[in-house]
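Trainee: Have a look at this one.
The values are calculated or read from the model by the stated rules, or taken from the named source; none is laboratory data. Bear in mind that the values here come from a model prediction, so they are computed numbers and not experimental data. Because the Cβ atoms are built from the backbone with ideal geometry, glycine has one as well, and the counts that use them run over all protein chains shown.
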Amino acid sequence: MCLVDLVALIKESLDDILKLRNNKIKKEDESFVSKGDLLVQDIILGFCNKNLPKHHIISEELVSEKDSVWDHKGSYIVIDPIDGTENFVSGLREWGIGISIYTDGQHQESCIYLPELNEVAISGASLERFESRIHGLSSSLSKQDLEQLPSAFEYRIIGCSMYNMLSAVKGSYARYENKKGANCWDILPGLNLGLEHGCKVHVDGLPYEGQLLFPTQKYKIVVEA
């Protein structure tokens, strides 16, 4: 399946997606889901079911998968319809869509798409690279966490994992770190794109090697350009 075609499909529907950013629902964890999230998910699911019907879908906005039996050699499509929903519903442009495809436990293709910034990274495609001294941080950090940061670096907190990880992959950040932990759909596209583009990638303190991650826990990650 070529994710270039899926990105084009989402791009065609961008006006309809943006019209739904004010239609939001608060979830049990106090975060928001918007009807824009759900429209993006419907577009992705329709495309995946047509092109990879035997793959199991893992998505942030589907019913809880906690009781599922996971197969590390299985075939899955891991999606985050809109990462950075708080940004999206607040009218900010820093939100993104993430997709990772695994077949028989092996990574096939990943994509990060930032629609309103018109920026996309897909497995196999080149990226413009930068040099930076900025360290990106996750928005989950507390005031106490921030007060303990070393003062020798430039820091940014954007509130969108896809934006942050892509920034590290292309070198716009020297480093991005999530110390609190993120779900698999938040990080798999960035982890795999990071490996492809020569970044140092760690998950829970160990070098990441492209393996499947499941929604059984949250993962602490570091991506260094």
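Trainee: Among the residues of region 168-199, count how many are closer than 19 Å to residue 109 by Cα and either touching a residue at least 12 places away in the same chain (Cβ under 8 Å) or in a helix (DSSP H, G or I) (or both). Before the answer, list the steps.
Mentor: If we filter region 168-199 for residues that are closer than 19 Å to residue 109 by Cα, which is where we start, we get 168-170, 183-199.
With the extra rule that they be either touching a residue at least 12 places away in the same chain (Cβ under 8 Å) or in a helix (DSSP H, G or I) (or both), the set shrinks to 168-170, 183-197, 199.
Of the residues in that region, 19 qualify.
Trainee: Looking for something outside any helix (DSSP H, G or I), in contact with a Ser or Thr (Cβ under 6 Å, 6 or more places away or on another chain) and at pLDDT below 95 - is there at least one such residue anywhere in region 148-156?
Mentor: Quick first cut of region 148-156, residues outside any helix (DSSP H, G or I) only: 148-156.
Filter once more, so that each one left must be in contact with a Ser or Thr (Cβ under 6 Å, 6 or more places away or on another chain): none.
No, the conditions are met nowhere in region 148-156.
Trainee: Let me ask something else about it. In region 26-44, is there at least one residue being more than 21 Å from residue 94 (Cβ to Cβ) and modelled with pLDDT of 95 or more?
Mentor: There is at least one residue in region 26-44 that is more than 21 Å from residue 94 (Cβ to Cβ) and modelled with pLDDT of 95 or more.
Trainee: Here's a follow-up. Given the residues 110, 132, 90, which is the only one that is surrounded by 19 or more Cβ atoms within 10 Å (Cβ to Cβ) and small (Gly, Ala, Ser)? Give the steps one after another, and end with the answer.
Mentor: Numbers: 132 fails: surrounded by 19 or more Cβ atoms within 10 Å (Cβ to Cβ); 90 fails: surrounded by 19 or more Cβ atoms within 10 Å (Cβ to Cβ).
Answer to the check: 110.
Trainee: Checking residue 101 against (1) under 19 Å from residue 195 (Cβ atoms); (2) surrounded by fewer than 23 Cβ atoms within 10 Å (Cβ to Cβ), only one condition comes out false. Which one?
Mentor: With (1) under 19 Å from residue 195 (Cβ atoms); (2) surrounded by fewer than 23 Cβ atoms within 10 Å (Cβ to Cβ) applied to residue 101, the lone miss is (2).
Trainee: List pairs: first in region 93-107 and under 29 Å from residue 34 (Cβ atoms) and without any contact (Cβ under 8 Å) to a residue 24 or more places away in the chain, second surrounded by fewer than 24 Cβ atoms within 10 Å (Cβ to Cβ) and aromatic (Phe, Trp, Tyr), Cβ under 9 Å, 6+ apart or cross-chain?
Mentor: As it stands, the answer is none, since no pair meets every condition given.
Trainee: I'd like to know if region 67-74 contains one or more residues that are within 24 Å of residue 13 (Cβ to Cβ) and surrounded by fewer than 17 Cβ atoms within 10 Å (Cβ to Cβ).
Mentor: Going through region 67-74, the residues within 24 Å of residue 13 (Cβ to Cβ) turn out to be none.
No, region 67-74 contains no residue that is within 24 Å of residue 13 (Cβ to Cβ) and surrounded by fewer than 17 Cβ atoms within 10 Å (Cβ to Cβ).
Trainee: While we're here: List the pairs whose first member sits in region 124-138 and is farther than 18 Å from residue 189 by Cβ, whose second member is surrounded by 17 or more Cβ atoms within 10 Å (Cβ to Cβ) and of a type in the set (Phe, Trp, Tyr), and whose Cβ atoms are under 7 Å apart, counting only residues at least 6 apart or on separate chains?
Mentor: Pairs that qualify, where the first residue is farther than 18 Å from residue 189 by Cβ and the partner is surrounded by 17 or more Cβ atoms within 10 Å (Cβ to Cβ) and of a type in the set (Phe, Trp, Tyr), are 132/173; 134/173; 135/173.
Trainee: Oh, and also: Looking only at region 128-144, which residues are outside any loop (DSSP other than H, G, I, E, B) and more than 13 Å from residue 161 (Cα to Cα)? Even if it seems obvious, please write down each step before you answer.
Mentor: At the first step, the residues of region 128-144 found to be outside any loop (DSSP other than H, G, I, E, B) are 134-137, 143-144.
Hits for region 128-144 are 134, 135, 143, 144.
Trainee: Also, I was wondering about something else. Considering only residues that are free of Cβ contacts under 8 Å to residues at least 40 places away in the same chain, surrounded by fewer than 19 Cβ atoms within 10 Å (Cβ to Cβ) and not basic (Lys, Arg), which ones fall in region 204-218?
Mentor: 204, 205, 206, 207, 209, 217
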